[in-house]
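What follows is a single structure, written as structure tokens, with notes after it.
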Ligand code: 3HC
């Protein structure tokens with residue numbers, strides 16, 4: 001099915017509470033956005049309390065940063081903090097109208113997460129996945145009600161990047177799609193409806209750029225030569241800064257997914273996997289300013 005235009009906004013369900021599954025950096029970033037823009041309770045869960053606490057601590061720190069930058073008053077900061085709860089108790093998702101996940105990018109993990117949460121949530125709750133390149137339809141394969149699932153793909157850094165890809169599967173109902181479009185609007189993001197196809201639109205294009213940049217390195221061109229050569233195209237970051245921003249493991253996974261789906265069109269990068277194991281690519285000073293490439297990373301390629 002081709003992506004439909006957005007169905008009637010009148011079909012959208014009201015969102016009075018949001019559930020977030022996963023308390024990693026991506027999930028914590030969008031949990032903050034939900035609480036800031038929707039002003040509804042947001043409950044966050046993860047595998048254990050330590051992960052949950054880390055996510056909630058990140059949100060609290062970001063609320064302090066917003067207050068310090070005078071983007072919000074201290075009263076607003078207190079209100080936002082009061083709306084965020086972390087828990088390992090899935091029963092707290094029972095009255096959530098919108099539940100979104102950003103757990104590990106592995107099909108089986110996401111399928112099981114949704115199949116489990118469906119036992120706790122209301123029959124008309126909407127489910128969303130922030131998957132970056134897995135099939136949304138397959139993610140919903142173990143759901144009793146796959147029509148309530150939609151892809152809702154944010155970009156890093158969530159607070160700054162203006163786009164959300166809303167991924168429409170053949171099963172996604174008009175009510176679900178309409179709710180997703182209205183939610184994206186309330187988050188003040190531009191939403192585009194995309195087909196449920198590997199990489200959707202953005203990562204398909206990005207995988208090409210990042211994959212070619214890594215391939216140039218893998219075949220002997222130094223990192224800085226690649227960066228300098230494409231600088232005139234005006235990207236806000238070099239491909240290697242972008243890989244570090246999204247996470248080297250996530251980047252390697254995105255390239256793998258594309259290579260698996262279209263082996264004749266996308267490279268796999270063994271070196272990116274090795275760099276991901278090494279953990280860093282760029283060398284930064286104490287303030288995070290980039291000084292150059294990490295010496296260990298340079299030895300790997
Ligand atoms: N996290 C949170 N906020 C950040 C941030 C980060 N990592 N980096 C920058 N910001 C915020 C800053 O705090 C600042 O906010 P403020 O205006 O409230 O103070 C604002 O962004 C602008 O920051 P700066 O002026 O310091 O920085 P730049 O002008 O250099 O812009 C950038 C930084 C917005 C990150 C820009 O370099 C950029 O657009 N880079 C490309 C990012 C991109 O392509 N993202 C998509 C990645 S793909 C993806 O996420 C999909 C996934 O599935 C793989």
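The values are calculated or read from the model by the stated rules, or taken from the named source; none is laboratory data. Owing to the predicted nature of the structure, the values given are computational and were not obtained by experimental measurement. Backbone-built Cβ (ideal geometry, glycine too); neighbour counts: all protein chains shown.
Condition check ((1) in contact (Cβ under 8 Å) with a residue 40 or more places away in the chain; (2) more than 16 Å from residue 183 (Cα to Cα); (3) part of a loop (DSSP other than H, G, I, E, B); (4) not assigned by TED's automatic domain parsing to the domain that holds residue 246) across all residues:
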residue: 23; (1), (2), (3), (4): yes, yes, yes, yes
residue: 34; (1), (2), (3), (4): yes, no, no, yes
residue: 63; (1), (2), (3), (4): no, yes, no, yes
residue: 85; (1), (2), (3), (4): yes, yes, no, yes
If residue 290 passes every condition in (1) touching a residue at least 60 places away in the same chain (Cβ under 8 Å); (2) out of contact with any helix residue (DSSP H, G or I) (no Cβ under 6 Å at 6 or more places or on another chain); (3) within 16 Å of the ligand (Cβ to nearest atom) but one, which one does it miss? (1)
Could you please find all residues in the stretch 244-270 being assigned to a loop (DSSP other than H, G, I, E, B) and either within 11 Å of the ligand (Cβ to nearest atom) or more than 16 Å from residue 212 (Cβ to Cβ) (or both)? 247
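Taking the stretch 136-170 as the search range and keeping residues that are touching a helix residue (DSSP H, G or I) at 6+ places or on another chain (Cβ under 8 Å) and closer than 14 Å to residue 105 by Cβ, which one is surrounded by the most Cβ atoms within 10 Å (Cβ to Cβ)?
Applying the first criterion (touching a helix residue (DSSP H, G or I) at 6+ places or on another chain (Cβ under 8 Å)) to the stretch 136-170 yields 137-143, 146-159, 163-170.
Okay, now just the ones that are also closer than 14 Å to residue 105 by Cβ, so 138-139, 151, 153-154, 156.
Values: 138: 15, 139: 26, 151: 28, 153: 23, 154: 23, 156: 16.
Residue satisfying both the conditions and the ranking: 151.
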Would you be able to tell me the number of residues in the stretch 200-234 that are more than 23 Å from residue 261 (Cα to Cα), touching a helix residue (DSSP H, G or I) at 6+ places or on another chain (Cβ under 8 Å) and within 14 Å of the ligand (Cβ to nearest atom)? 2
Keeping to the stretch 271-296, report how many residues are modelled with pLDDT under 95 and closer than 14 Å to residue 212 by Cβ. 1
Qualifying helices (runs of 4 or more DSSP H) (wholly inside the stretch 119-233; at least 1 residues being closer than 22 Å to residue 255 by Cβ): 136-139, 202-218, 223-230
